[in-house]
Amino acid sequence: MLVKFAKILVSKFDVKIEGNEYRMNCPMCGDTKKHFSFNVEKGISNCFRCGYRPNAVVFLVEQFGFSLDEAKDIVSNIGFSKTKTIEESLKIDLPDGFVGIKEMNSVYKDYVLSWLGERGVSEEEAEELRLGVVLNGEGDWKGRLIIPCWEEGKLVYFIGRALFRQEPRYLYPPFPKKGVVWGYDNLKKEDGEVCICEGWLDAHKVSGIAVLGQQMSKMQWEKIREEVRRVGKVSIILDKDALSAAVKMADAILSWGCKEVIEIYELEGCKDPGECLNRDEVREKSMVWKYNNFRERVKLKLKTQGGKNGFRTIEERLRGSSKNDPSNRVLATVKFNELNQDFASKRPV
Ligand SMILES: [Zn+2]
């Protein structure tokens with residue numbers, strides 16, 4: 001059976017499992033009655049409504065945005081499980097030796113709580129997030145803080161953060177994290193903002209979600225899409241050194257059809273949101289750019305793209321770095337026109 005493939009399938013689609021047949025709504029024809037069936041043993045499929053019949057590799061590329069190499073890699077990873085049922089083999093378990101904060105004995109607990117306390121996470125919050133540590137056993141997970149990712153109460157992923165200077169600082173399980181959104185359940189909180197951060201601690205502080213890196217995948221975007229629509233706004237709050245990445249993320253979101261307000265936080269008074277107490281403090285320490293505003297968007301683009309030339313604003317760029325060098329002005333005008341066209345094609349209607 002294609003274990004990895006099956007896991008990815010159930011992470012995105014509402015799947016009805018009948019043995020090796022995974023039945024779901026066809027993504028191609030607007031089907032609502034699960035006419036599309038994927039055989040995860042053979043890696044073949046069929047839509048009994050429209051005839052869409054991708055194999056597993058094609059499906060990963062078309063529906064999940066994986067590259068061909070990534071897709072082949074996932075499909076070639078064939079795992080057989082004789083003792084486990086399919087449901088069991090799909091279930092993600094925390095690493096062996098995991099002990100939750102509540103169950104921990106006092107020596108470890110004091111250490112872990114002081115470690116968390118230094119980062120502004122209280123015991124109550126740690127319990128709420130169901131954090132824990134791998135205390136027993138061998139292997140890479142031992143001595144790591146385990147930060148689970150929950151989606152509506154279901155464990156979908158976890159992160160292992162070194163507590164004792166182990167390398168690497170962050171350890172991830174061997175299954176795909178492309179669609180994982182840490183803090184998914186924060187989206188349901190009624191405080192009217194969707195904030196995208198890099199790491200779990202950042203997301204925790206601002207009641208946002210973490211994409212676990214500086215890039216957002218389309219799968220992750222689709223998970224938060226409805227909520228962005230509902231609140232009418234999305235805020236990108238990456239680390240201080242990641243302003244360019246934030247701009248790229250905003251462009252990606254626009255290209256995926258976002259019509260809502262996009263804000264980009266440029267952190268000025270802190271390195272990352274995790275250093276702050278809450279969203280208000282992050283906002284106080286940031287310059288907030290309105291990415292839907294044409295002028296602000298151009299300024300931000302020039303700031304991140306033209307940074308190495310020392311140009312910080314359109315005005316400075318148009319003025320040129322040297323009064324005696326007219327080519328700067330020409331270059332700036334051309335660049336400006338390019339940007340203008342680029343934006344005109346993407347401007348929300
Ligand atoms: Zn179909």
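A few points about this structure:
- Residue within the stretch 217-227 that is in a loop (DSSP other than H, G, I, E, B) and buried (at least 23 other Cβ atoms within 10 Å of the Cβ) present: no
- Filter result (part of a loop (DSSP other than H, G, I, E, B) and either modelled with pLDDT of 85 or more or open to solvent by 50 Å² or more (accessible area, probe 1.4 Å) (or both)) within the stretch 68-94: N77, I78, F80, S81, K82, T83, K84, T85, K91, D93, L94
- The set of residues in the stretch 269-286 that are open to solvent by less than 80 Å² (accessible area, probe 1.4 Å) and closer than 16 Å to A245 by Cβ comprises D272, P273, S286.
- Residue within the stretch 176-184 that is buried (at least 23 other Cβ atoms within 10 Å of the Cβ) and in contact with a Leu (Cβ under 7 Å, 6 or more places away or on another chain) present: yes
- Hits in the stretch 246-277 (condition: in contact with a helix residue (DSSP H, G or I) (Cβ under 6 Å, 6 or more places away or on another chain) and either of a type outside the set (D, E, K, R) or closer than 21 Å to M219 by Cβ (or both)): V247, L254, W256, E260, I262, I264, L267, P273, G274, C276
- Complete set of residues in the stretch 143-167 that are free of Cβ contacts under 8 Å to residues at least 40 places away in the same chain and more than 14 Å from the chain's Cα centre (by Cα): G143, R144, L145, E152, G153, K154, R161, A162, F164, R165, Q166, E167
The values are calculated or read from the model by the stated rules, or taken from the named source; none is laboratory data. In this text, all values refer to a predicted model and were calculated from it rather than measured experimentally. As a convention, Cβ positions derive from the backbone with ideal geometry for all residues, glycine included, and neighbour counts pool all protein chains shown. SASA here: full protein model, heavy atoms, side chains in, ligands and nucleic acids out. Shrake-Rupley method; radii C 1.70, N 1.55, O 1.52, S 1.80 Å.
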